[in-house]
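First up is the structure itself, then whatever we jot down about it.
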């Protein structure tokens, strides 16, 4: 079952996001099976929302790629929240 993943980075910014995204999506494409990846500023930080095939797959991705890239850029891992996807409508 697909799951939504919200990553919140207090104090994060676009420059940090771009550096991390370049490291984890080096070919400019999403990992296989990912439905969506969106990112933007929030009050006091940065937020990324993904829809991925499973929590387990995202957790493996986070350990292998995301956390090391984030620690290299700003020294902190994002706060991660998962939620089940009931419906995904694509344009």
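In region 1-38, which residue that is under 17 Å from residue 83 (Cβ atoms) and touching a helix residue (DSSP H, G or I) at 6+ places or on another chain (Cβ under 6 Å) is surrounded by the fewest Cβ atoms within 10 Å (Cβ to Cβ)?
Per the criteria, the residue is 3.
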Self-check item: Meets criteria (assigned to a helix (DSSP H, G or I), in contact with a helix residue (DSSP H, G or I) (Cβ under 7 Å, 6 or more places away or on another chain) and buried (at least 16 other Cβ atoms within 10 Å of the Cβ)) for residue 70
Solution: yes
Practice problem: Please work out which residue is farthest from the chain's Cα centre (by Cα), limiting yourself to region 39-64 and to residues that are assigned to a helix (DSSP H, G or I) and closer than 21 Å to residue 85 by Cβ. | Solution: 56
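Just so you know, all these numbers are worked out from the coordinates, no wet-lab data involved. No experiment lies behind these values; they were computed from the predicted model shown. All Cβ positions, glycine included, derive from the backbone under ideal geometry; neighbour counts span all protein chains shown.
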